[in-house]
Amino acid sequence: MKADRIFLALAGLLHDIGKFRQRARWGADRRPHEEQGAEWVAERLAPNLTFLPPEDRRRLIEAIREHHGTPYDRDAIAVILPDRLASGERVEREDEERGDPARDPMRSLLAALRLPDRPLPEPSAWAYAAVPLPGASPDSWKALFPQPVNSVRPDYRALWEAFEEGITGLAPEIWQDPEATLIALLALLRCFAWSIPAATYRDEPDVSLYDHLRVTAALAVCLGELLEDSEALRRFAEETRSERFPEEPVALLIGGDVSGIQRFLYAISSEGAAKSLRGRSAYLSLLTDGVVEFLLNELHLPPTQVLYRSGGHFYLLAPLSARERLPDLRDRLDETLIQAHGGDLAIAIEAVVLNGRDFHLKEGNLPERWAALSRQLGERKARRFHGVIARHYDRLIGPFGGGGERPRCEICHAEEERIGPIHRSVERREEETVSKCSLCRSFEELGSMLARRSVYQIRRRCPPEMRGTFTWRTVLRGMGLELQFYDEVELCNRFQPGDRVIRINAADLSPVGRIPVHDFQYLPTFTPLEPDGTIVDLNRMAETSRGIRAWACLRMDMDHLGRLFRFGLGERYSLSRVSTLSHLIALFFEGYLRVLCEQVDPERRHLYLIYSGGDDLLLVGSWDRVLEAAFRIREDLRRFAAGNPSVTLSGGISLHPARFPLYQAAAEAHAHLEEAKAFRHPDGHLKDAFGFFGVPLSWEDAAWMRQWAEELFRLIRPPDPQGPRVARNFLHRLMEIASFQQKEGHLSRAARLQLDEMIQLVGFHRARWRLVYTLARQPSAAQPILRRFQEELLAEGGKRLRLLGPLARWVEWMTRGG
Ligand SMILES: [Zn+2]
């Protein structure tokens, strides 16, 4: 990596560190943040940065001190420009912050998003508690949920002390390597500054200092190429100072997208699908990591350039010169993937040029640039491998499999083959019932490794080369990356100097013995384990469910995510805000989901989180727990967005007997999710619904059913033997009434009679009559509860009568057996 890029990344990352310190020392030290930042870097950080010559350390300190001062110093300008672009806001110097920096908490950006057709959210009255990102304790995840602003008392002093301890506690060898230093600084800022407002004097303190610093650093590295042209630099500084952002190219926004995910995950046979699916989905995200590392390495970019990576997508900011190199890098990645996976998996990479002007809040075009990039990625996915198709005709188009009988994998259906120096072997081991290829076998190994040993991840650079037995490691090696998952003992035995160590699921960089920890990562892993450590299979999860022996498959994703990003921020669309937003959403799906599963299934026997990332998830397990999890996820996402009606999610759940194939279940749950996405509410808004075993419902109706499912269950299986009790066949009566009511509805629709409403009304009255009759015949001790049930069912013209069928079925499943 070029020395000046390291310098620029550091300057960007540290330029506003004084704001953090200033908040902590408010009252005792009223000096401006740039002076406090420069002083702290000079005293505490610079002595560690021994990879910088003393002259550069001095320059770094001065750039931080001067980043609001004379814009004629080259180093200061190198920070001032990206700072202005990152926030996209008015650039007039304000003397000091207008709010109260010592007390103002960071407001919730999710609470402030607004889609044009949704009601206004509550005014920005929600804020974060200003604590570090969660560690190992599940309780620490409360920090993710905003609180009413008046109840939040941020303790910036304690937070700053913890940050300083984090710096002091880093393993000494981290400071010897510029890249390791940047990775660790990014991680510490993420941990301690994720919920500190970047500024309190602008309109809304809803951008985190962490996101502002990393985006400024990324832009500083991009603008570094401008520094060579001192004329352009001066012009740029002048214009941005007078609030004009020049129409000049400044950076490249690179986007990447893995394609073929659905097929890759689900086009496998049911044998061992549950065992290998977690490994397969983990592989897709490791592949994304591998591509990001490959691009950073090849383009000589520091780790600050990664804006986002999650769920098979990533975004990087690169200097303009990277553009010439992209076609070649794309070709090399295509080659690697084709050789290994044929046409099954591909990675689309595209880039758009960002102009200075684009960053301007009012006149800018950032949302349009982002949309253009998505469009290009879509087109690239549609004609994947375009560049290399001629060279790999046979591998992509066939003929496949020709010549003789070769053993075939009974999981992914691939034949044994030799692809250049890679060998995909297929074998059936003694204790196994099916033949498996080396790749499928390695996915099983990866899945159980994640379940049992995911305490540390090691990343090691290696010469890019693919050879030997085909496993999940092969393609990553082809990209120059060696990955391992270790527990503490293995880490101590296997660590080699130069390895990057990532702690999984706890924001903590303290070394393990003498081994440095560079970074931390949340891994969405929740795997049910037998006492002997093997993964619980689906049949077992079906057997141990409540009532009916069945398992369920749940898929969920956020509604209108693209629109939410593009329009939800309105006139406040800045790169720092977009980064804050995507960081928060990724925290929920990559981090919090695992904790939620643990609360629903503390024994770790019933739930299996196969995939969660980006903004979607796939969860399987005992049907009652999966259903419980669906409700919890929806409630918690609502809390996470402070009840904002523009931020919603939909889900689809399907029910299956023990031996049902998982890929078919995933398709069925997906169909139910699609039905939920097509659901229209009485007020006209779409989605925000639950595909409840084939019946699309609003979440409010689903919650009503959930409450009554428990009440009716208690009537049929009273916890207190003396309590009121009704016979189970009562449920069959309810189902009859429901189907009768439904038939009437169908009849009137089919006949398209003018008397539609009349007939429905008659149907409703008949159903009501039967309902009243059925309920009245139940034991008198149950009558108070049943009367309430009847009233709620028939209220508002009987609109809940359509829920009677699914509700009765639900309780019937709960009470089956035992
Ligand atoms: Zn296979």
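Looking only at the stretch 41-59, count how many residues are hydrophobic (A, V, I, L, M, F, W, C) and assigned to a helix (DSSP H, G or I).
So the count comes out to 4.
Quick check on this structure: which one of ALA42, ALA9, ALA63, ALA28 is in contact with a His (Cβ under 8 Å, 6 or more places away or on another chain) and small (Gly, Ala, Ser)?
Of ALA42, ALA9, ALA63, ALA28, the one residue that is in contact with a His (Cβ under 8 Å, 6 or more places away or on another chain) and small (Gly, Ala, Ser) is ALA63.
Out of the stretch 629-656, which residues are within 16 Å of LEU619 (Cα to Cα) and over 18 Å from the mean Cα position of the chain (by Cα)?
Hits for the stretch 629-656 are PHE631, GLY652, ILE653, SER654, LEU655, HIS656.
Does ALA38 count as in contact (Cβ under 8 Å) with a residue 40 or more places away in the chain, among the small types (Gly, Ala, Ser) and assigned to a helix (DSSP H, G or I)?
Answer is no for this residue.
Which residue, of ALA199, ALA184, is outside any helix (DSSP H, G or I) and out of contact with any strand residue (DSSP E or B) (no Cβ under 6 Å at 6 or more places or on another chain)?
ALA199
Among the residues of the stretch 93-108, what is the count of those that are modelled with pLDDT under 70 and surrounded by 17 or more Cβ atoms within 10 Å (Cβ to Cβ)?
Qualifying residue count for the region: 1.
Of everything in the stretch 407-432 that's in contact (Cβ under 8 Å) with a residue 60 or more places away in the chain and in contact with a Gly (Cβ under 9 Å, 6 or more places away or on another chain), which residue is surrounded by the fewest Cβ atoms within 10 Å (Cβ to Cβ)?
In this case the residue turns out to be ILE419.
Return the residues of the stretch 450-470 that are crowded, with 22+ Cβ neighbours inside 10 Å and within 16 Å of the ligand (Cβ to nearest atom); say none if nothing qualifies.
Of everything in the stretch 450-470, just one residue is crowded, with 22+ Cβ neighbours inside 10 Å and within 16 Å of the ligand (Cβ to nearest atom), namely PHE470.
For the stretch 465-481, enumerate the residues that are of a type outside the set (Gly, Ala, Ser) and either without any contact (Cβ under 8 Å) to a residue 24 or more places away in the chain or in a helix (DSSP H, G or I) (or both).
Listed by number, the residues that qualify are GLU465, TRP472, ARG473, THR474, VAL475, LEU476, ARG477.
Test of understanding: among GLU482, GLU405, GLU490, which residue is farther than 25 Å from THR534 by Cβ, touching a helix residue (DSSP H, G or I) at 6+ places or on another chain (Cβ under 8 Å) and more than 16 Å from the ligand (Cβ to nearest atom)?
GLU482
Quick one: would you say GLY272 is modelled with pLDDT under 85, within 16 Å of the ligand (Cβ to nearest atom), at positive phi and surrounded by 14 or more Cβ atoms within 10 Å (Cβ to Cβ)?
yes
Based on this model, can you work out whether THR216 counts as β-branched (Val, Ile, Thr), in contact (Cβ under 8 Å) with a residue 24 or more places away in the chain, within 11 Å of GLY12 (Cα to Cα) and part of a helix (DSSP H, G or I)?
Yes, satisfied.
Given the conditions (1) over 30 Å from HIS392 (Cα atoms); (2) surrounded by fewer than 18 Cβ atoms within 10 Å (Cβ to Cβ), and given that LEU361 satisfies all but one, which numbered condition is not satisfied?
It fails just one condition, (2).
Does SER285 satisfy being of a type in the set (Gly, Ala, Ser), closer than 20 Å to ILE585 by Cβ and more than 16 Å from the ligand (Cβ to nearest atom)?
The answer is yes for SER285.
Mind telling me which of the residues ARG473, ARG500 ends up being away from the ligand (no atom under 16 Å from the Cβ), crowded, with 19+ Cβ neighbours inside 10 Å and at pLDDT 95 or above?
Among ARG473, ARG500, only ARG500 is away from the ligand (no atom under 16 Å from the Cβ), crowded, with 19+ Cβ neighbours inside 10 Å and at pLDDT 95 or above.
Here's the yes/no breakdown for (1) within 23 Å of LEU286 (Cα to Cα); (2) at pLDDT below 95; (3) within 15 Å of the ligand (Cβ to nearest atom):
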{"site": "ALA414", "(1), (2), (3)": "yes, yes, yes"}
{"site": "GLU417", "(1), (2), (3)": "no, yes, yes"}
{"site": "PRO421", "(1), (2), (3)": "yes, yes, no"}
{"site": "VAL434", "(1), (2), (3)": "no, yes, yes"}
{"site": "GLU444", "(1), (2), (3)": "yes, yes, yes"}
{"site": "SER448", "(1), (2), (3)": "yes, yes, no"}
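When you check ARG634 against the structure, is it more than 23 Å from ALA451 (Cα to Cα), surrounded by 19 or more Cβ atoms within 10 Å (Cβ to Cβ) and touching a Phe, Trp or Tyr at 6+ places or on another chain (Cβ under 6 Å), yes or no?
yes
For VAL517, are the conditions met, namely being in contact with a strand residue (DSSP E or B) (Cβ under 7 Å, 6 or more places away or on another chain) and hydrophobic (A, V, I, L, M, F, W, C)?
Spelling it out, VAL517 is indeed in contact with a strand residue (DSSP E or B) (Cβ under 7 Å, 6 or more places away or on another chain) and hydrophobic (A, V, I, L, M, F, W, C).
In the stretch 237-269, which residues are part of a loop (DSSP other than H, G, I, E, B), within 16 Å of the ligand (Cβ to nearest atom) and surrounded by 16 or more Cβ atoms within 10 Å (Cβ to Cβ)?
Answer for the stretch 237-269, where residues must be part of a loop (DSSP other than H, G, I, E, B), within 16 Å of the ligand (Cβ to nearest atom) and surrounded by 16 or more Cβ atoms within 10 Å (Cβ to Cβ): GLY260, ILE268, SER269.
Collect the residues in the stretch 291-347 that are out of contact with any Ser or Thr (no Cβ under 9 Å at 6 or more places or on another chain) and on the phi > 0 side of the Ramachandran plot, keeping them in residue-number order.
Correct list: HIS300, GLY342.
Within the stretch 675-712, how many residues are basic (Lys, Arg) and assigned to a loop (DSSP other than H, G, I, E, B)?
Qualifying residue count, the stretch 675-712: 1.
For the stretch 598-619, name all the residues that are among the hydrophobic types (A, V, I, L, M, F, W, C) and either modelled with pLDDT of 95 or more or over 19 Å from ARG452 (Cα atoms) (or both).
VAL600, LEU607, LEU617, LEU618, LEU619
From the list ARG278, ARG332, ARG323, which one is among the basic types (Lys, Arg) and buried (at least 21 other Cβ atoms within 10 Å of the Cβ)?
Exactly one residue qualifies, and that residue is ARG278.
The values are calculated or read from the model by the stated rules, or taken from the named source; none is laboratory data. All figures in this text were calculated on a predicted structure; none of them were measured in a lab. Every residue, glycine as well, gets a Cβ built from its backbone with ideal geometry; the counts of neighbours run over all protein chains shown.
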